[in-house]
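What follows is calculated from the coordinates using simple rules that are stated; it is not laboratory data. Bear in mind that the values here come from a model prediction, so they are computed numbers and not experimental data. Positions of Cβ are generated from backbone atoms using ideal geometry, with glycine treated the same way; all protein chains shown enter the neighbour counts.
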Amino acid sequence: MSFLTSLMLIPLLGSLIVAILPKEKTKLIKQAAFATSLLVAAITVGAFVNFDSSNPADQFLQRHSWIPSIGADFSLGVDGIGMALILMAAILVPIVILAGWNESQSGKWGVKTFYILILVLETMMVGVFSAEDVFLFYVLFEAMLIPVYFLIGGYGWGNRAAAAMKFLLYSLFGGLLMLAAIIGLYVISGNQTGHTFDISTLSTLTIDHSTQNFLFLGFFIAFAIKAPLWPFHTWLPDAARAATPGTSILLLGVLDKVGTYGMIRFCITLFPDATKTFTPIIIVLSLISILYGAFLAIGQKEINGLIAFTSISHFGFITLGIFAMTSQGMSGATLYMVNHGFSTAALFMVGGWMISRRGSSKIEDFGGLQRVTPIMAWCFFIAGMSALALPGLSSFVSEFLVLVGTFTRYPVAAIFGTVGIILAALYVLIVVQKSLHGPTTPGNEGMSDLNLREKVAIAPVIALLVVLGFFPKPLLDAINPAATHVMVHSGVTDPAPKAGK
Amino acid sequence: MTSSHLVYLIALPLFSSAFLILMGRKADKWGHIFATLISAAVFGVGVSEFISMHSRAGDMRAVTQHLFSWISVGTFQVDASLLLDQLSICFVLLISGVGTLIHIYSIAYMSHDKDRRRFFAYLNFFIAAMLLLVLGDSYLNLYVGWEGVGLASYLLIGFWNQKPTYATAAKKAFVANRVGDVGLSLAIMIAFAQFGSVTFDGVKAGVHGASPAALTALGAMLLLAAAGKSAQFPLQSWLGDAMAGPTPVSALIHAATMVTAGVYLITRSNFIFDGSSTARLLVVIVGGITLLFGALIGTAKDDIKKALAASTMSQIGYMILASGLGPVGYAIAIMHLLTHGFFKAGMFLGAGSVMHGMDDEVNMRRYGAIGKVMPITFATFGLGYLAIIGVPPFAGFYSKDKIIEIAFNAGGTKGIILGGATLLGAAITAFYMTRLMVMTFTGSKRWDDKAHPHESPVLMWLPMVVLAIGSVATGFLFNSGNSLVNWLAPVLNPNNVEGGSELMKPIVVSSLALLAVILGVALAVTKYRTVPVEAPEDVSVFTKVARRDLLQDAFNETVLMRPGQKLTAGLVKTDYYAIDGLVRLVGAVVTGTSTFLRRIQNGYVRSYALIMVIGALALIATIWVVTL
């Protein structure tokens, strides 16, 4: 059995095992879910080691006829970009389960359902990053909404039902546009190559310019909502405020990357002419996202809201890098997706622990934690440093690659983007000062520091932030050929140095 | 040449720092000793590298060590590689040497602090980052050290961050530095876009093909970076607040080493500034403004550390100005940087010694006659004082007079203005430093009877003595036979460019400078014969403005902070009312008009799930129809 199929099946089987366990055995359920996700992570790491970085083509290919009457196949395969994202997702799931060991208990539908949803979601995450068939991608893209909807609506805090509904409606709206574009694409393929949903075949179609523009927008708006890009972002802060930390990590860390991944995989690959047309406006939207997200983060009064807006700013960097269409921008943006996953995970994990200990998410309710809970404070601080892309941590490498890759083609845009690093210092250091420094705020004196489980959960994330900061080579080696492939396919080359040597 | 030892310079302090943090309270008993030994070991490695470098011929002195491939995307190839040459060895010895002295001093100074281990962990982290800054062989490697020292500075300024004003000071320093970092980031981007390389060698090889405009932009961005790190106009405002950190930190980071990194950056980039007279002009303007700006603030401060901080700002202004004068200035800037490293670190440690004996009192109006009770502190501080104001034959005399000389020799109106500014600065320096000496060490005692000033323990005064010896000897040492300038020439002046027109003979410059110093000293001695314990209120507008740091904070608050806060608040409202409001409006309209769907919109999730399934089926059906 191929690696990708087994990756999709194992979590599914795990969810079946969880389903047949008696629901009062919550500890056993958690252990089963954790073991399953750990197995998936181990297999993925093994596959990553076996991934042939020198080969730009999609690997681990497999194809089964699925719905022959419409030509839809169940076909999977990954290039370096998809591989890196699956690796990130597979590492995050066990960490999320361990970090939020108790977060399912306050939910509406019990512990068992929570872990079934998480494992089903993991299956879909693998599928969505490896689908070689547009129809399969679409089905998974939409189907993923269902577990997330229940995870937010059933297990979150505060106004969770409304936030879940907002998330669902936004996403369905985007999905509808994408569906229309997929149907359009399908019709065109019928005239040229015979009806197909196969992405590599679709990327060879000749599509006239105005049609390309419409189809591009259909995909792009769906992805811009998912990513999210300004002004399609307002569902995200609501969702992040309402969701449990674990759900937020999967949502912002992994699922939102489907948006930026889709921009590379579909928008740029299928519609190179339309990409050129829309690039200026997308770059402007990216810059707005970077700066707007950062300002909004500064203005947030809740920890979760703050993390959500920092992510909007970071997604601006990712889209900026993608549409700069240079190898540094493209590889940097992909690496950014991975690094942001770990960085945001660290923030949400520690933020979640702080919130559950205090019983409040308001920043003003914290203060002086450095001297009450030093380990938790250190973890929060390091996560914050990663959010402001401190050199030496992983996010710096990707952020700098995006900026330098943008600069060679769009210097003015890069200058605006670079200003974002000042705002990043502000949004991180303000919350660090308010929550960790100063005298201890009344009510926090007896707060307990991280326990062993929490330390074990955060340690690998922090280790990754540091190790990938100095040694991003394995990831970049996998990503580079795929990024170059996208550029070659679009007929774009890097600008040459201006001053001859 | 290659060497396999350079990495220890960084790895030793870095891992010892991480080790001390991870060990936690278990290491409280011996952490400070361990950290000090590591720092001394780093100094040992530095000295041995220096000896072997010294034994080689001029063009064989630079050594490199390739560590690993760091970032590799397309033509953007950055390796983790180290370069130790005649310029960086000066810094290695300064950082690890003064660093070790300050470690020793801190063992005693911080002995009552229950977080002393954490303090030493930060110190070693700083040493590691600072050494990376000066040893990196590319601008991007330098950048890692550059932000690393910024982080160390942030952590150490905020070491006592349970006090909110200290936490704010730390944040302010980081943010001001980040503004400078924008400059460094953009400089690296320009370098890559122009030359396809971000290593020093790569950029140097490419500068001849670059347009003057590109070099000017590159130089201006590097200057912005330098201004942030080195507290130069207009990014100077953080340095005074940074005095919130423990005094050994002020000595090491905010006087001797980190704040001079901007001077390193500019002199290291000499090949860029050589190619753009506009960029050099910008550099001398910034240096000239800051040297006067800092000196003027120094005349009005009653807080001994803030007075010294203002002085640091001003002295770095001298260095920056010198480095803007091109090949004749780079080495002189480094000379002043090194002598300043000795005498200013020594004086900060002296200030710390006084504070140590005076229950952490920093207000000089409550000092007076301390020389009698703290003779060693008085003597070592006094030697530093003679060095900074430029009395022959102390260190500052050689290095500062050289700057005044080459400033005048810049020629024309520019030479007159720059020379005049440096000369005026020398007079003001003599004034504020004499004021500081008089208020602290001589005159009548103004402390109340609860204070019992006493000489500090040997662990504290020994480093002060060593630094005082440096304040006396280094100037002569560096200047005899032009040794430092010649040593640095292969890096900083490879084409042997000679000085410009000799407007004034060195003896004339020295006489003028000495005259300025005597004037400054005399004025201060007369004016501060008696010192009121409370700062007088009926002072000139100038004094009032100088007390408020020439309104730098007021300016930043009015022009940047408050508009920024308004913008943030406005955007938060916009997001809620306008953007999300529009979304909610659409939602409301849809809900309102679809009353006939209300029955199925019953709020039950299972109904929605059902609808989605129906939708998916409809989709398949549609596609099936299309294929027919």
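Rounded to the nearest 0.05, what FRET efficiency do residue B:48 and residue B:11 give with R0 = 22 Å and r taken as the Cβ-Cβ distance? Could you check? Numbers along the way, then the final one.
Working: r = 16 Å, r/R0 = 0.72.
Taking R0 as 22 Å, the efficiency between residue B:48 and residue B:11 is 0.90.
Using a Förster distance of 60 angstrom, determine the FRET efficiency expected from the C-beta separation of residue A:455 and residue B:277, and round it to 0.05. Walk me through the numbers on the way to the answer.
Values: r = 58 Å, r/R0 = 0.96.
Once the sixth-power term is evaluated, E becomes 0.55.
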Label-to-label distance, nm, for residues given as residue A:488 and residue B:72 (7 Å Cα→Cβ offset): 1.8 nm
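Looking at region A:137-187 from every direction and averaging, what is the projected area of its Cα convex hull in nm²? Spell out each step's value before the answer.
Numbers: hull surface 13.1 nm².
Mean shadow area of the hull around the Cα atoms is 3.3 nm².
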Considering every Cα-Cα pair within region A:113-230, what fraction, in whole percent, is farther apart than 20 Å? 49 percent
For the ranges A:98-109, B:247-258, what's the packing order if you count other beta-carbon atoms within 10 Å of each residue, average per peptide, and put the highest first? B:247-258, A:98-109
By how many degrees, between 0 and 90 and to the nearest 10, does the Cα long axis of helix B:6-23 differ from the longest principal axis of chain B? 70 degrees
Rounded to whole Hz, the Karplus (6.51, -1.76, 1.60) HN-Hα couplings of region B:163-179, x for glycine and proline: 8, x, 5, 5, 4, 5, 4, 5, 5, 4, 4, 5, 5, 4, 5, 5, 4
How large is log10 I(q)/I(0) at q = 0.09, 0.13 Å⁻¹ when the Debye formula is applied to the Cα atoms of region A:356-501, each weighted equally and without solvent? -0.43, -0.76
Distance check, please: which entries in A:226/A:455; A:23/A:108; A:166/A:301; A:455/B:29 exceed 23 angstrom between their Cα atoms? A:226/A:455; A:455/B:29
Going toward the positive end of the dipole of the protein assembly as shown, with +1 on Lys and Arg Cβ and -1 on Asp and Glu Cβ, which of B:543, A:408, A:234 do you reach last? B:543
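Exposure proxy check: A:277, A:326 ranked by fewest other beta carbons within 10 Å? Spell out each step's value before the answer.
Numbers: A:277 15, A:326 28.
Listed from fewest to most nearby Cβ atoms, that is A:277, A:326.
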Zone residues, region B:1-37, relative to residue B:205, backbone N less than 18 Å from point 7 Å out along Cα-to-Cβ: B:1-2
Need one number: nm distance between label points at residue B:22 and residue A:203, each 7 Å from Cα along Cα→Cβ, rounded to one decimal. 4.2 nm
Proxy reagent accessibility, fewest Cβ within 10 Å first, across A:307, A:10: A:10, A:307
Please report, in whole Å, how far the alpha carbons of the protein assembly as shown spread along each principal axis, starting with the longest. 101, 64, 53
Rounded to the nearest 10, the angle in degrees between the Cα long axis of helix B:327-357 and the longest principal axis of the Cα atoms of chain B comes to 90 degrees
Roughly how many nanometres apart are two label points built 7 Å out from the Cα toward the Cβ at residue B:535 and residue B:413? 3.8 nm
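In the structure shown, do any of A:257/A:434; B:171/B:306; B:306/B:544; B:114/B:372; B:204/B:344; B:305/B:445 have a Cα-Cα gap over 22 Å, and if so which?
A:257/A:434; B:114/B:372; B:204/B:344
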Per-residue Cβ counts within 10 Å, from other chains only, averaged over A:132-139: what number is that? 1
For chain A, build the charge dipole from Cβ charges (+1 Lys, Arg; -1 Asp, Glu) around the Cα centre, then report which of A:95, A:440, A:351 sits farthest towards its positive end. A:440
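Using a 10 Å cut-off around each Cβ, can you sort B:131, A:117 from fewest to most neighbouring Cβ atoms?
The order, fewest Cβ neighbours first, is A:117, B:131.
Find how much the distance from residue B:497 to residue B:547 grows on full extension, using 0.36 nm per residue of separation minus their present alpha carbon separation; answer in nm with one decimal. Spell out each step's value before the answer.
Details: separation 50, 0.36 × 50 = 18.00 nm, distance 4.28 nm.
Result: 13.7 nm gained on full extension.
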Partner chain coverage, peptide A:290-297 - average Cβ within 10 angstrom: 3
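What value, in deg cm²/dmol to 500, does the helix sum -39500 (n - 2.57) over DSSP H runs of n ≥ 4 give at 222 nm once divided by the residues of chain A?
Rounded to the nearest 500, it is -23500 deg cm²/dmol.
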Using helices alone, I'd like the mean residue ellipticity at 222 nm for chain B: each DSSP H run of four-plus residues gives -39500 (n - 2.57), total over residue count, nearest 500. -23000 deg cm²/dmol
With no solvent and one equal point scatterer per Cα, compute the Debye intensity ratio I(q)/I(0) for region A:168-243 at 0.14, 0.23, 0.26 Å⁻¹ and report its log10, rounded to two decimals. -0.53, -0.99, -1.14
Scoring only Lys, Arg, Asp and Glu (+1, +1, -1, -1) among other residues with Cβ under 14 Å from the Cβ of residue A:419 yields -1
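Express the C-alpha Rg of chain B as a ratio against the empirical globular expectation 2.2 N^0.38 Å, rounded to two decimals. Walk me through the numbers on the way to the answer.
Details: Rg = 28.4 Å, N = 628, 2.2 N^0.38 = 25.4 Å.
That ratio works out to 1.12.
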Computed FRET value (nearest 0.05) for residue B:476 with residue B:518, which takes r as the C-beta separation and R₀ as 25 Å: 0.70
Using Cα atoms only, what is the angle between the long axis of helix B:458-479 and the major principal axis of chain B, expressed in degrees (0 to 90) to the nearest 10? 80 degrees
Per-residue average of Cβ from other chains inside 10 Å of A:421-434: 5
About the Cα centre, and with charges only on the beta carbon of Lys, Arg (+1) and Asp, Glu (-1), how big is the dipole of chain A? Nearest 20 debye, please. 1060 debye
